[in-house]
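Before any comments, here is the structure.
The values are calculated or read from the model by the stated rules, or taken from the named source; none is laboratory data. Just so it is clear, the model here is predicted, and its values are computed rather than measured. Positions of Cβ are backbone-derived with ideal geometry, glycine not excepted, and every protein chain shown enters the neighbour counts.
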Amino acid sequence: MPAPRGPADSVVRLRRLLDLIEEATGFIAPSLRDALRAATWRRRLDFLLSERGIERYCRRQHVPGALALTPREFRYGFSRIGRGNQPVRVRRVRSSGLFVPD
């Protein structure tokens, strides 16, 4: 195979490699292949290799914003947060958390 010419070629090669691994494990045990396809890490990897996932990464939408929201701000701005498709920090008095829209 010729050397990759850009990120798109690399993504295609990685997808092909994952398909070859799945196919090989399917010959060993079909249930193992099905388990690999159903694994959460595999679904997340498939999303990251999709056009939407690459765009999200390039626009740095995978990184939470610098400001932490209060629960009230989070509740009132939930639709905006969902449209923005970017993780946000939510802080409370004694604890804090991270909301990641999928």
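The residue pairs whose first member lies in region 47-71 and is closer than 30 Å to residue 12 by Cα and in the same structural domain as residue 11 (by TED's automatic domain parsing), whose second member is in a helix (DSSP H, G or I) and of a type in the set (Val, Ile, Thr), and whose beta carbons are closer than 8 Å, counting only pairs six or more residues apart or on different chains, are 48/54; 49/11; 54/11.
Note on region 7-54: among residues that are of a type outside the set (A, V, I, L, M, F, W, C) and in contact with an Asp or Glu (Cβ under 7 Å, 6 or more places away or on another chain), the one that is surrounded by the fewest Cβ atoms within 10 Å (Cβ to Cβ) is 37.
Tell me which residues, restricted to region 28-84, are within 18 Å of residue 16 (Cα to Cα) and touching a Phe, Trp or Tyr at 6+ places or on another chain (Cβ under 9 Å). Scanning region 28-84 gives 33, 48, 53. It is to be established whether one or more residues within region 57-67 are outside any loop (DSSP other than H, G, I, E, B), of a type outside the set (A, V, I, L, M, F, W, C) and surrounded by fewer than 11 Cβ atoms within 10 Å (Cβ to Cβ). No, every residue in region 57-67 fails to be outside any loop (DSSP other than H, G, I, E, B), of a type outside the set (A, V, I, L, M, F, W, C) and surrounded by fewer than 11 Cβ atoms within 10 Å (Cβ to Cβ). The set of residues in region 15-46 being of a type outside the set (D, E, K, R) and either touching a residue at least 24 places away in the same chain (Cβ under 8 Å) or not in a helix (DSSP H, G or I) (or both) consists of 18, 29, 39, 45. Residues that are at pLDDT below 80 and hydrophobic (A, V, I, L, M, F, W, C) within region 54-100 comprise 63, 66, 93, 98, 99, 100, listed in sequence order. Check region 87-100 and report whether any residue there is under 30 Å from residue 17 (Cβ atoms), surrounded by 14 or more Cβ atoms within 10 Å (Cβ to Cβ) and out of contact with any Asp or Glu (no Cβ under 8 Å at 6 or more places or on another chain). Yes, the conditions are met somewhere in region 87-100.
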